[in-house]
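Encoded as structure tokens, the structure appears first; notes follow it.
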Amino acid sequence: MSKNNRVLFVEPIIAHYRRDTFKLILENNNFSSSILAGNEYEGVKPAEIDGSFICQYLSFKLLGHRFYYLKNALNRIRVFNPSIIVCSGVDFHHLHTLAIFLYAKLKHIKFVWWSHGGFGRQGKLGKSIRAWFYRRSDFIFAYSGKGVDNLLKLGVKSSKVLSVGNAIGTEDYGFNYPRKDEKKGDKQITLLFSGRINQKRRIEILLHAIKELKEIEKHKIKCVVIGDGDTFNFKKLSNSLGISDDVEFVGPKYGSEVVEFFQNADIFVFPSGIGLSILHAFSYGLPVITTDRMDLHSPEIELLKPGINGDFFQHDNYDSLAKRIDEWAEKIISDKKRIANECIKVINEMGYLPEMQSRKIIDVLNRLIQYE
């Protein structure tokens with residue numbers, strides 16, 4: 001057996017979407033665990049979990065890059081005395097994670113990365129260094145099957161890597177709320193966007209697509225935009241396009257405030273790279289239409305099955321987006337219930353739930369402890 005069967009998770013912050021997964025891990029009876037994380041990261045405050053170690057960051061800028069070091073991280077590790085450390089993926093900007101890795105190797109503490117499994121953007125040398133860190137770990141939890149494939153290409157043994165998917169908070173899954181009755185028999189299709197409103201999200205592509213659909217007059221289109229940010233300029237664009245009556249900017253909404261908007265929507269449209277929003281939308285039975293620029297997406301894009309629970313449109317091409325929306329409007333009118341079931345089914349099939357994600361992680365950690 002190991003020292004104290006203790007597992008320490010090292011995170012930039014305790015992300016709110018990962019709170020329930022962590023709680024399930026911390027409640028398991030086979031080992032004790034805790035979390036070491038920052039008190040704030042890039043303006044985001046952490047979720048609160050009892051017994052966590054929360055430290056401040058030392059942050060500085062060098063050669064145009066911002067670097068972070070979690071103060072007292074190594075001291076916290078010495079006090080907790082873990083037999084296993086699970087750390088967020090290799091990121092050369094998070095200097096404390098590299099120091100913790102080297103400390104673990106020196107002290108013969110088993111080390112696990114919890115990673116996207118991406119190649120990074122540091123060129124050939126950076127990729128080689130990244131591979132060095134990954135190959136010398138005891139195990140790697142990848143966010144997706146694509147992440148597993150990337151790690152195998154870096155020379156990681158297949159026996160040392162597992163896709164654990166991702167999850168959001170239990171209260172954020174739409175299927176946990178009573179389903180509304182089917183819509184009235186009109187031909188209105190309600191589109192929904194939810195996210196930070198800025199140029200990066202390419203909201204203007206969605207607005208131009210709505211204008212095209214309005215000109216076709218095949219379906220009555222309504223679009224609801226949830227989020228904070230540059231709403232003034234996008235409202236101005238809506239006015240100039242003549243679609244201000246068809247697009248509603250409702251501002252930022254959080255938690256239970258978003259439920260009615262998701263339940264009243266038919267299609268979730270995200271014109272740029274998408275992350276956990278796809279999981280949120282699918283949990284409400286909403287098909288997702290997003291860009292075909294796969295390099296912009298987070299690992300959760302593996303949930304999208306084109307033609308079944310959503311589709312891709314040609315990047316930055318509002319004609320292509322309008323065509324996809326029109327196609328899915330027809331599908332929604334004829335077969336909305338089946339589409340909703342397909343959206344929800346993929347979440348269960350691929351294990352994108354806190355219960356399933358935590359179980360995979362606990363099983364691996366138990367095996368690592370057993371072979372101490």
Name the residues in segment 197-222 that are among the charged types (D, E, K, R) and open to solvent by 60 Å² or more (accessible area, probe 1.4 Å), would you? LYS200, LYS211, LYS214, GLU215, GLU217, LYS218, LYS220, LYS222
Taking segment 247-273 as the region of interest, how many residues are without any contact (Cβ under 8 Å) to a residue 60 or more places away in the chain and under 15 Å from ILE205 (Cα atoms)? 2
Does at least one position in segment 345-363 carry a residue that is touching a Phe, Trp or Tyr at 6+ places or on another chain (Cβ under 6 Å), open to solvent by 10 Å² or more (accessible area, probe 1.4 Å) and assigned to a helix (DSSP H, G or I)? no
Conditions (1) surrounded by 20 or more Cβ atoms within 10 Å (Cβ to Cβ); (2) within 23 Å of the chain's Cα centre (by Cα); (3) in a loop (DSSP other than H, G, I, E, B): number failed by ALA47: (1)
Name the pairs whose Cβ atoms lie under 9 Å apart, with the first residue in segment 348-372 and farther than 18 Å from HIS108 by Cα, the second among the acidic types (Asp, Glu) and assigned to a helix (DSSP H, G or I), and 6 or more positions between them or separate chains? MET350/GLU302; TYR352/GLU300; PRO354/ASP20; GLU355/ASP20; SER358/ASP20
In segment 264-293, what residues are surrounded by fewer than 16 Cβ atoms within 10 Å (Cβ to Cβ) and under 26 Å from PRO354 (Cα atoms)? ASN264
What pairs come out if I take residues in segment 197-225 that are in a helix (DSSP H, G or I) and pair them with residues that are of a type in the set (D, E, K, R) whose C-beta lies under 8 Å away, six or more apart or interchain? GLN199/ASP230; ILE205/ASP316; ALA209/ASP319; ILE210/ASP246; GLU212/ASP319; LEU213/ASP326; LYS214/ASP246; ILE216/ASP326
Taking the condition within 22 Å of ALA329 (Cα to Cα) and of a type in the set (Gly, Ala, Ser), does SER244 pass? yes
Return the pair list, or none, for Cβ contacts closer than 6 Å from residues in segment 316-328 that are closer than 16 Å to LYS220 by Cβ to residues that are part of a helix (DSSP H, G or I) and open to solvent by less than 60 Å² (accessible area, probe 1.4 Å), at least 6 apart or on different chains. ALA322/ALA209; ALA322/GLU212; ALA322/LEU213
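The values are calculated or read from the model by the stated rules, or taken from the named source; none is laboratory data. Quick caveat, the model's predicted, so the values are computed rather than measured. Positions of Cβ are generated from backbone atoms using ideal geometry, with glycine treated the same way; all protein chains shown enter the neighbour counts. Accessible surface is based on the protein model in full, side chains and every heavy atom, while ligands, DNA and RNA are left aside. Shrake-Rupley method; radii C 1.70, N 1.55, O 1.52, S 1.80 Å.
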